[in-house]
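Below is one structure, written out as structure tokens; comments come after it.
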Amino acid sequence: MKTINLFDLPYPQPDQMTAPPRMIRTITHDGRLDPLPFLHDLTLASHCGTVYEAWYNSTSAEICGSSLIRGRFSTDEGASWSAPFCMVGEAGQSEEHYVPADLFVHNGRLYALVTTMTGKNMTVDLQLFEQTPNPMAPWERMGKVSEGFICNTPPQRMSNGCYIVGAWMPKKEQTPAFPVVLVSDGENIDRTWNCHFLFDPLHPLAPRIRCPEISVLANGASVTAFVRNDEGPSYVFTSADYGKTWSEPAHHLAPIGNSKIFAGQLSDGRPYLIYNHDMGYFVRSLLVLAIGDKATGRFKKVYKLFSGYEEALGRGNIWFYPCACEQNGDLYVAATLQEPSGVRSAVMAKMPIQSL
């Protein structure tokens, strides 16, 4: 299989990585104070000067009992946060699980794509929800936009006016798990989104990926897809036609661990990746940010965001499943923190874009 190099630098060792200048880190939702024990897979969005954060909670273990989408918001650049509120679902209802949510802004309104399930990896469909006028109230269900795909990153708007989002289907009986992209019908985000396969999952030579979480990076008609792989280097696919057709799979040479990858583009045009630096199989103790070059798309700098036990927070262990958004010249990066006790909290790092 072809291998590619995503970086234009000698890749630094963890002890050589520095934190972004002027970075501030906070706990935005403290799992030690929450009666709901399981928290995971955060999402962020900036809307009308407010930063919104959401995640899914389960009332027992992962996708056990009730699974619902909860959130908080900050109107003062992340200095303080609202009380937690329920966006989708309710505790005590166990027939339909909501896992996870992905926030995005369209035509001045805030939306979320949310996967519904009947159990872990037992997906039903992908639903669109819209924020209601009361920011603390449950969101309005707008309807189904796709079959039972899971999205772990928010949609990105492409230069042709369509939204694109990476999604994946868990293993279903004899059908292996596989990644796709979903593309909206232009501005009509409440209609069925078109599904494009990255590869034929039933082909005998197709990659076999246990958990193909996918993040895409759009730049004009070109789209790059980064796909998690639990049994070796992550996969990279490229498209030159807005995600309709895709290249053969390639491996990259960067030490990206087997966890969710988040790809995005800063307002100045530079691409970025947030991921767990590979420290060993399922060791997710180091979360990093790579900043790329606007012209070449290749990454030139790697920053350390969270690592092991953080003295300043008095917390630490595992930092994973990142997400990000930009507001007023700052990049906000949120992630799940899991402590040695198993308690999970939402954490955030905020940094000036000009310092990166």
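The values are calculated or read from the model by the stated rules, or taken from the named source; none is laboratory data. Quick caveat, the model's predicted, so the values are computed rather than measured. Every residue, glycine as well, gets a Cβ built from its backbone with ideal geometry; the counts of neighbours run over all protein chains shown. These accessible areas exclude ligands, DNA and RNA; they are computed on the full protein's heavy atoms, side chains included. Shrake-Rupley method; radii C 1.70, N 1.55, O 1.52, S 1.80 Å.
Quick check: is even one residue across the range 19-32 within 30 Å of MET279 (Cβ to Cβ), in contact with a Phe, Trp or Tyr (Cβ under 7 Å, 6 or more places away or on another chain) and part of a loop (DSSP other than H, G, I, E, B)? Yes, the conditions are met somewhere in the range 19-32. Residues in the range 200-224 that are under 23 Å from ASP125 (Cβ atoms), open to solvent by less than 40 Å² (accessible area, probe 1.4 Å) and over 21 Å from the mean Cα position of the chain (by Cα): PRO201 only. In the set (1) in a loop (DSSP other than H, G, I, E, B); (2) in contact with a Gly (Cβ under 8 Å, 6 or more places away or on another chain); (3) modelled with pLDDT of 95 or more; (4) of a type outside the set (Ser, Thr, Tyr), the condition left unmet by ILE63 is number (3). Tell me which residues, restricted to the range 48-60, are open to solvent by 20 Å² or more (accessible area, probe 1.4 Å) and part of a strand (DSSP E or B). Listed by number, the list holds a single entry, TYR52. Do you know which of the residues in the range 129-143 that are farther than 17 Å from HIS47 by Cα and in contact with a Leu (Cβ under 7 Å, 6 or more places away or on another chain) is surrounded by the fewest Cβ atoms within 10 Å (Cβ to Cβ)? It comes out as GLY143. Residues considered: PRO10, PRO35. Of these, the only one that is under 27 Å from THR118 (Cα atoms), modelled with pLDDT under 95 and open to solvent by 70 Å² or more (accessible area, probe 1.4 Å) is PRO35.
Note on the range 158-209: residues that are among the aliphatic types (A, V, I, L, M) and out of contact with any Leu (no Cβ under 8 Å at 6 or more places or on another chain) total 9. Among the residues of the range 85-101, are any open to solvent by 30 Å² or more (accessible area, probe 1.4 Å), of a type in the set (Ser, Thr, Tyr) and part of a loop (DSSP other than H, G, I, E, B)? Scanning the range 85-101, I find at least one residue that is open to solvent by 30 Å² or more (accessible area, probe 1.4 Å), of a type in the set (Ser, Thr, Tyr) and part of a loop (DSSP other than H, G, I, E, B), so the answer is yes. All of (1) open to solvent by less than 40 Å² (accessible area, probe 1.4 Å); (2) out of contact with any Leu (no Cβ under 8 Å at 6 or more places or on another chain); (3) free of Cβ contacts under 8 Å to residues at least 40 places away in the same chain; (4) not basic (Lys, Arg) hold for TYR309 with one exception: (1).
If you go through the range 168-226 and keep only what is among the charged types (D, E, K, R) and either outside any loop (DSSP other than H, G, I, E, B) or on the phi < 0 side of the Ramachandran plot (or both), you end up with LYS171, LYS172, ASP185, GLU187, ASP190, ARG191, ASP200, ARG208, ARG210, GLU213. The single condition among (1) in contact with a strand residue (DSSP E or B) (Cβ under 7 Å, 6 or more places away or on another chain); (2) open to solvent by 20 Å² or more (accessible area, probe 1.4 Å); (3) outside any strand (DSSP E or B); (4) hydrophobic (A, V, I, L, M, F, W, C) that ALA79 does not meet is (1). In the range 232-245, of all residues being in contact (Cβ under 8 Å) with a residue 24 or more places away in the chain, open to solvent by 40 Å² or more (accessible area, probe 1.4 Å) and within 21 Å of the chain's Cα centre (by Cα), the one that is nearest to ASN276 (Cα to Cα) corresponds to PRO233.
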